[in-house]
Every structure is written in structure tokens, then in C-alpha cells.
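The values are calculated or read from the model by the stated rules, or taken from the named source; none is laboratory data. Predicted model, so just to flag it, every value in this text is computed and none were measured. Every residue, glycine among them, receives a Cβ derived from its backbone with ideal geometry; neighbour counts consider all protein chains shown. Each accessible area value is taken on the protein alone, full model and side chains, heavy atoms only, with ligands, DNA and RNA left out. Shrake-Rupley method; radii C 1.70, N 1.55, O 1.52, S 1.80 Å.
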Amino acid sequence: MLEIWWFWPLVAICAADSFREKAEKIMQDTPVIDGHNDLPWQLLKLFNNQLQDQKANLTTLADTHTNIPKLKAGFVGAQFWSAYMPCDTQNKDAVKRTLEQMDVIYRMCQLYPETFLCVTNTSGIQQAFQEKKVASLIGVEGGHSIDSSLGVLRALYHLGMRYMTLTHNCNTPWADNWLVDKGDDKAQSQGLSTFGKRVLKEMNRLGVMIDLAHVSVATMKAALQSSKAPVIFSHSSAYSVCSSRRNVPDDVLQLVKNTGSLVMVNFYNDFVSCTKDATLAQVADHLDHIKKVAGAEAVGLGGDYDGVSRLPVGLEDVSKYPDLIAELLRRNWTDTEVKGVLADNLLRVFLAVEQVSNRMQDPEEEPITLDELDGSCRTQYGYSRAPGLPYQPGPLLASMALLLFSLYLL
């Protein structure tokens, strides 16, 4: 019998094409909702947020993981854009710089209205899907961006923030970050302080999703136990697959399952394979593991594009999402499960957060104590004994001593 050596490779190629075709068909109706993209940070670094610079044109933008043609090729239907400022802005100009990053996201929508639609709720995402635009939402990455102020938290909500990552790679005065678990930082709050729990309560009241990417395991557990609504990990992966402390351990995945929460898998090589090199298949391994432990309803996508320096082979930019979905189909994920990963799981969590919110309730008002704050530039208005004046005990004690001495002489 004549051996047809080329037959089986051809069958494999045809099968691969069929999975890719099915992925694209599903994604036409259920496009990607990605939990975390740092394009606004790149726009700051490269162009100082000057979007009208010809080199900043998002249609032709080169040397980034994200541009408009790549978003369209990747079937991205909604994106949480990161309003991010590094930890060195804490106790300095974090609030101002965060506002500037939120502003550049809105200007993206204004400059490219045929592509981006800035929205703030689940119905807005569905509207963008229908209009074949990229629903653009704001996630603030790092609790230091509110400068330990409930008033700033509320203001950022009113300006469009719909999730906040409780920490970045540093503690806030009220929450501990993941470097505590690595031994590179010291725990301050043992998870969440009393004020930190008030922050979460206010986020629940407003309808802001609590994001646990970058936090310590103690903070993860405290938040999952405290929150009245499901939470998200906007760009984290599975610790059992890659033992980076930025990833989510199995006991926390059980809490994710019990609370109906969501882990949106990060594509950064160091969190995928724990080495500098990774593959698309290894990202799928993380999705498989989270599905196994927490259920298919707990899995989402948070690529961290334009916020990382190394990406897996096969997932080099935002155009590659269909290849990842094809891999899940190849691994016998059902259409319903795939649609959950793409969009439905995030929409479920976001809707639950909206339903828990009750802005008719009284807001949290008790501020953080002054001794919990850091920063030599701080004024003490509101913390002083007399309105508008800082409390200065030294001069008062000197005056009292002088008065007592005068009485003694009498």
C-alpha cells in the first residue's frame, strides 16, 4: 500500500484552521472583554499624552502591543484601560497624575469616535458590542491613587473609574501588596486595615469593582471575605501553574468560586511560565487550571498588553486573541464556556457589582487617622483642633506653662 506521507499533517492543518474559524465566528457575536491594558501608560511615556502628535496616531501606532487595527483583528469589544501611576508617586502627585491618565482615555474616545465608546456600565458595553466599537472603561491601578481619601475615591468614581486595584507593587497605608509574600516588603495592615475595609465598603456602595491583582494573599482573603459583591483579579494567573507570588493560589481560587468572583489571566511570561519564555499553550494551561479549581465561570482574560516586556509566542499583541480561543476549543471547552471567558463572566460580575451598589445609602465618612499617613508635604486640615488651623501642641503648652508660672508669682 502506497504511504501518503503528507496526509496526516494536512489533516492537522485543516483541523487547526477549523478551530480558528470557529473561534472567529463565536467572537463576532461575543467579542473579548479584556481586564487590563496599559496603552495609556505608553501614550504618556512616548508622547506625554499628546494624542495629536502624528506619531501617536492610534491607527498607525508602531512598537506597541495595541493599536486600532490590532484591536479589530483581535475581536476586542471592550477594554478596561489602565489609569496607572507608579508607586513613586505615592504621597506626592499620584492623584493629579491619575486624573491625567483618566483624561487621556476620554480623549482617545473623543479623537476616535468611530472606534472607541467610553462607557461606565454593563449596558454601555452591550451598546458598544452592537455598534461594533470598543467599549472603553477605566480601571485605576493602585490604591495609592486615591491618597487614602474616601472623597477622592468617590470623585474618581464620578469621573468614570469602574475598578480599582487595591495596591500596585507597594503597600498603601491600608492594604498590603504581593511583595510582602515574596519577602521584599513588610506587612503593614496584615491584609486590610480598618480603614481599608471602609474603602471596600464604599467601593461596594458606589459600584466600583474591587481588583485584587498585585495584592498579598492576606489582602486577597480579607477582601473576598469583606466584599458584598464579587471581586476581580484584572490581570493575574494561577499559582499552581507558575509559582509567582503575583498569581492566585488554589485556596484563594476556592474563595473565588464561593463568591462568584473572576480571575482574568495575565499573559506576562514571568507569571505564565516563571521564566523569560512562554507559549500560548502555557497560557491556556492557566485557564484550564482555574476552570478546574474555581469553575469555568471564574475565568477571564487580562492580557496586560503594553504593560509588560515579555509575551508568549503566539500572543505577541492584541490581535492574537482568536488563536487563544481556538486553543481552548481544541481542548474541548464548550461554546458557552468560551463565551464566558471572552465576555459573559465579566459581564456577570460587573452586573452583580452594579446590583449590590446602593448610592442612596449614606457614604463612608470617617477618614484615615493622621498617624497612618506618610508624606512630609501633608497639611493637617480637618485633623486639627481649630477649623482651618493645624494643631500645634508646642506653642499651646508653652503658653500654658507661662500662665501657670504667672499665677504662681501672684
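Given the residues Glu297, Glu316, Glu337, Glu327, which is the only one that is at pLDDT 95 or above, within 28 Å of Ile68 (Cβ to Cβ) and not in a loop (DSSP other than H, G, I, E, B)? Before the answer, list the steps.
Details: Glu297 fails: within 28 Å of Ile68 (Cβ to Cβ); Glu316 fails: not in a loop (DSSP other than H, G, I, E, B); Glu337 fails: within 28 Å of Ile68 (Cβ to Cβ).
Checking each option against the conditions leaves just Glu327.
For the range 357-370, filtering for residues that are part of a helix (DSSP H, G or I) and within 20 Å of the chain's Cα centre (by Cα) leaves 0.
Here is a yes/no grid of residues against (1) at positive phi; (2) in contact with a strand residue (DSSP E or B) (Cβ under 8 Å, 6 or more places away or on another chain):
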{"position": "Ala83", "(1), (2)": "no, yes"}
{"position": "Pro86", "(1), (2)": "no, no"}
{"position": "Asn91", "(1), (2)": "yes, no"}
{"position": "Ala94", "(1), (2)": "no, no"}
{"position": "Leu99", "(1), (2)": "no, no"}
{"position": "Asp103", "(1), (2)": "no, no"}
{"position": "Arg107", "(1), (2)": "no, no"}
{"position": "Tyr112", "(1), (2)": "no, no"}
{"position": "Gln130", "(1), (2)": "no, no"}
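Return the residues of the range 283-331 that are touching a strand residue (DSSP E or B) at 6+ places or on another chain (Cβ under 7 Å), among the hydrophobic types (A, V, I, L, M, F, W, C) and within 21 Å of Ser82 (Cα to Cα); say none if nothing qualifies. Result: Val299, Leu301, Val318.
Any chance the range 343-359 includes a residue that's out of contact with any Phe, Trp or Tyr (no Cβ under 9 Å at 6 or more places or on another chain), open to solvent by 70 Å² or more (accessible area, probe 1.4 Å) and at pLDDT below 90? The answer is yes, given that some residue of the range 343-359 is out of contact with any Phe, Trp or Tyr (no Cβ under 9 Å at 6 or more places or on another chain), open to solvent by 70 Å² or more (accessible area, probe 1.4 Å) and at pLDDT below 90. Candidates Asn48, Asn57: the one that is at positive phi, at pLDDT 95 or above and open to solvent by 50 Å² or more (accessible area, probe 1.4 Å) is Asn48.
Mind checking whether some residue in the range 178-200 is among the charged types (D, E, K, R) and crowded, with 24+ Cβ neighbours inside 10 Å? Taking every residue of the range 178-200 in turn, none turns out to be among the charged types (D, E, K, R) and crowded, with 24+ Cβ neighbours inside 10 Å. Of the residues Leu255, Leu287, the single one that is on the phi < 0 side of the Ramachandran plot, part of a helix (DSSP H, G or I), in contact with a Leu (Cβ under 6 Å, 6 or more places away or on another chain) and not basic (Lys, Arg) is Leu255. Based on what the data block shows, is His235 of a type outside the set (Asp, Glu), at pLDDT 95 or above and on the phi > 0 side of the Ramachandran plot? Judged against the criteria, His235 is not a match.
Selection of the range 48-76 for residues being of a type in the set (Gly, Ala, Ser) and not in a loop (DSSP other than H, G, I, E, B) yields Ala56, Ala73. Output the number of residues of the range 32-47 satisfying the condition of being of a type in the set (A, V, I, L, M, F, W, C), assigned to a helix (DSSP H, G or I) and in contact (Cβ under 8 Å) with a residue 60 or more places away in the chain. The number of residues fulfilling the criteria is 4. Scanning the range 48-73 for residues that are of a type in the set (Val, Ile, Thr) and free of Cβ contacts under 8 Å to residues at least 60 places away in the same chain yields a count of 3.
The one condition from (1) among the hydroxyl-bearing types (Ser, Thr, Tyr); (2) within 27 Å of Ala62 (Cα to Cα); (3) open to solvent by 20 Å² or more (accessible area, probe 1.4 Å); (4) not in a loop (DSSP other than H, G, I, E, B) that Ser309 does not meet is (4).
So which strands (runs of 3 or more DSSP E) are wholly in the range 119-221 and hold at least 1 residues that are touching a helix residue (DSSP H, G or I) at 6+ places or on another chain (Cβ under 6 Å)?
134-141, 209-211
Does Tyr383 satisfy the criteria of being at pLDDT 95 or above and over 22 Å from Ser227 (Cβ atoms)? So Tyr383 fails the test. Yes or no: Ala135 farther than 30 Å from Gly191 by Cβ and surrounded by 21 or more Cβ atoms within 10 Å (Cβ to Cβ)? Yes: the conditions hold for Ala135. Picking from residues in the range 113-132 that are open to solvent by less than 10 Å² (accessible area, probe 1.4 Å) and free of Cβ contacts under 8 Å to residues at least 24 places away in the same chain, the one that is nearest to Gln101 (Cα to Cα) is Phe116.
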